[in-house]
Amino acid sequence: MLTNKELDVLLEKCIEFHGHLCMGQILGVRIAVKGLELVKPESNKDLIVFVENDRCIADAIMTVSNTRLGRRSLKFRDYGKMAGTFINTKTNCAYRVFVKMKQEEKAEGDEIKKYLYVNDEESVNWYPVTVSLHENDLPGKPKRVIECVNCGEKIFDGKDILVNGESVCIPCNSGAYFVKVNN
Ligand SMILES: [Zn+2]
Ligand SMILES: [Zn+2]
């Protein structure tokens, strides 16, 4: 259990990165502190964290757990939920931690800071989980890099789709979030 002073230091780090104090930073600190306490990674190299939304709490969970999308230690699953899963890849211990607080407990302004110090039981809940991580999703050198036969761009980490035995990228195979404008 961290002291209030230690929680303050973590919250300050989060505010600095995120840009403002908000309930998301406070809940994100609580989620990440609990997750780390549960899975006890000896080193940051043994930790993979999943976040389940891309709102305020994602920044706090990332900051406190010191995981990064670009290091493959942070994974994003867009469930629109205030939750994170913490995996110790050395011991395979994994827990999903989620917000328990009710909507009516929402507070405004500096008043929200009190939620940083409440008992775990009042702010978050958790349960053990198993997460199957594919080798192509782990940190480290890419296991597979191949060119798309259609657009010629490189595809990393086995994200290519085999069509008649040839590798095609996801946008070429099934459409993308963008539409190319021809001018
Ligand atoms: Zn925010
Ligand atoms: Zn392609």
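The values are calculated or read from the model by the stated rules, or taken from the named source; none is laboratory data. Computed from a predicted structure; not experimentally measured. FYI the Cβ positions are ideal-geometry reconstructions off the backbone, even for glycines, and counts take in every protein chain you see. Protein only, heavy atoms only, side chains kept; ligands, DNA and RNA dropped before computing areas. Shrake-Rupley method; radii C 1.70, N 1.55, O 1.52, S 1.80 Å.
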Return a yes/no flag: does region 50-65 have any residue that is in contact with a helix residue (DSSP H, G or I) (Cβ under 7 Å, 6 or more places away or on another chain), of a type outside the set (S, T, N, Q) and either under 17 Å from Asn136 (Cα atoms) or without any contact (Cβ under 8 Å) to a residue 12 or more places away in the chain (or both). no
Those residues of region 115-147 which are of a type in the set (Lys, Arg) and either modelled with pLDDT under 90 or touching a Gly at 6+ places or on another chain (Cβ under 9 Å) (or both), in sequence order: Lys143, Arg144
Residues satisfying the stated conditions in region 160-183, i.e. surrounded by fewer than 13 Cβ atoms within 10 Å (Cβ to Cβ) and not in a strand (DSSP E or B): Asn164, Gly165, Ser174, Gly175, Ala176, Tyr177, Phe178, Val179, Lys180, Val181, Asn182, Asn183
When both residues are 6+ apart or on different chains and their Cβ atoms are under 9 Å apart, which pairs have a first residue that lies in region 149-161 and is closer than 12 Å to Asn136 by Cα and hydrophobic (A, V, I, L, M, F, W, C), and a second that is open to solvent by less than 30 Å² (accessible area, probe 1.4 Å) and more than 11 Å from ligand 2 (Cβ to nearest atom)? Phe156/Asn136
Could we say that Asp110 is assigned to a helix (DSSP H, G or I), out of contact with any Pro (no Cβ under 9 Å at 6 or more places or on another chain) and either among the basic types (Lys, Arg) or open to solvent by 50 Å² or more (accessible area, probe 1.4 Å) (or both) here? yes
Looking only at region 39-64, filter to residues that are open to solvent by 30 Å² or more (accessible area, probe 1.4 Å) and under 23 Å from Met1 (Cβ atoms); which one of those is nearest to ligand 1 (Cβ to nearest atom)? Asn44
Among all residue pairs at least 6 apart or on different chains, which show Cβ distances below 6 Å where the first residue, located in region 4-30, is open to solvent by less than 30 Å² (accessible area, probe 1.4 Å) and the second is at pLDDT below 95 and within 9 Å of ligand 1 (Cβ to nearest atom)? none
Counting only residues in region 124-153 that are assigned to a strand (DSSP E or B) and surrounded by 12 or more Cβ atoms within 10 Å (Cβ to Cβ), the one nearest to ligand 1 (Cβ to nearest atom) is identified as Val124
In the set Val129, Val149, which member is aliphatic (A, V, I, L, M) and away from ligand 2 (no atom under 16 Å from the Cβ)? Val129
